[in-house]
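Before any comments, here is the structure.
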């Protein structure tokens with residue numbers, strides 16, 4: 001085996017080092033570290049032996065960077081667009097945001113009571129009024145369609161009213177009696193579905209809220225109910241209207257929800 005001279009840092013003399021030992025040492029160094037290293041030279045005697053050129057490892061790294069960087073750029077751009085969309089200013093609404101025919105349903109829970117009274121003679125001379133009756137909670141609903149012109153007008157509308165409590169007929173079912181244990185309290189009577197028509201006006205502000213004032217046909221009691229509304233939808237013409245009517249007629253229940261529901265663009 002060929003041998004070379006090498007200066008040893010531990011002694012002042014010289015010793016011989018076989019090439020095979022140097023080669024094994026360099027191979028162990030290359031195998032233990034997956035990360036590429038810069039070229040390293042080893043001095044043996046009067047000669048310098050260089051490790052394998054690291055330029056062979058530079059090409060895979062360059063290719064990896066060329067592949068990864070465009071992907072990172074795309075991901076960053078997508079994230080940036082998402083963040084910007086979250087902070088985008090909401091669209092300004094107006095009367096023009098509502099246009100076309102909408103199907104609607106509104107409903108409410110009602111506490112209803114009915115009764116009838118009778119005067120009874122007690123102790124032979126005294127008159128006492130005795131009342132019979134009952135009460136219940138029921139749901140009333142109105143379903144129909146209306147058309148909006150985009151200029152603040154409800155041009156037409158039709159509907160059916162369901163579950164309307166009939167006070168007179170309910171009172172008529174009561175059978176009062178002066179005899180203890182006799183008579184009965186009757187029961188609630190509801191009208192069949194009743195058709196009606198409506199027109200009216202509406203006003204929408206820039207923040208997707210507004211009001212509706214309707215003119216209801218007199219066959220269902222008439223009146224001019226006013227609803228507070230909130231618009232929903234991503235298009236210029238909003239597809240959904242949430243409505244609520246507050247009780248403003250009684251002083252003991254101010255702002256009590258009277259009716260609530262929604263309308264959907266057809």
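The values are calculated or read from the model by the stated rules, or taken from the named source; none is laboratory data. Just so we're clear, the structure is a prediction, and the values are computed from it rather than from any experiment. Please note: Cβ atoms are built from the backbone with ideal geometry, for glycine as well, and neighbour counts cover all protein chains shown.
Could you pull out the residue among 230, 237 that is closer than 14 Å to residue 99 by Cβ and surrounded by fewer than 19 Cβ atoms within 10 Å (Cβ to Cβ)?
Testing whether each residue is closer than 14 Å to residue 99 by Cβ and surrounded by fewer than 19 Cβ atoms within 10 Å (Cβ to Cβ) leaves just 237.
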Qualifying residue in region 124-144 (condition: touching a helix residue (DSSP H, G or I) at 6+ places or on another chain (Cβ under 7 Å), farther than 18 Å from residue 266 by Cα and assigned by TED's automatic domain parsing to the domain that holds residue 247): no
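Going through 217, 208 one at a time, which residue ends up being farther than 20 Å from residue 152 by Cβ and surrounded by 13 or more Cβ atoms within 10 Å (Cβ to Cβ)?
That would be 217, the only listed residue that is farther than 20 Å from residue 152 by Cβ and surrounded by 13 or more Cβ atoms within 10 Å (Cβ to Cβ).
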Condition met for residue 139 (part of a strand (DSSP E or B) and in contact (Cβ under 8 Å) with a residue 24 or more places away in the chain): yes
Subset of region 225-253 (residues that are under 23 Å from residue 142 (Cα atoms) and in contact (Cβ under 8 Å) with a residue 24 or more places away in the chain): 225, 227, 229, 231, 232, 238, 239, 240, 241, 243, 245
Residue in region 108-122 that is in the same structural domain as residue 209 (by TED's automatic domain parsing), under 24 Å from the mean Cα position of the chain (by Cα) and part of a strand (DSSP E or B) present: yes
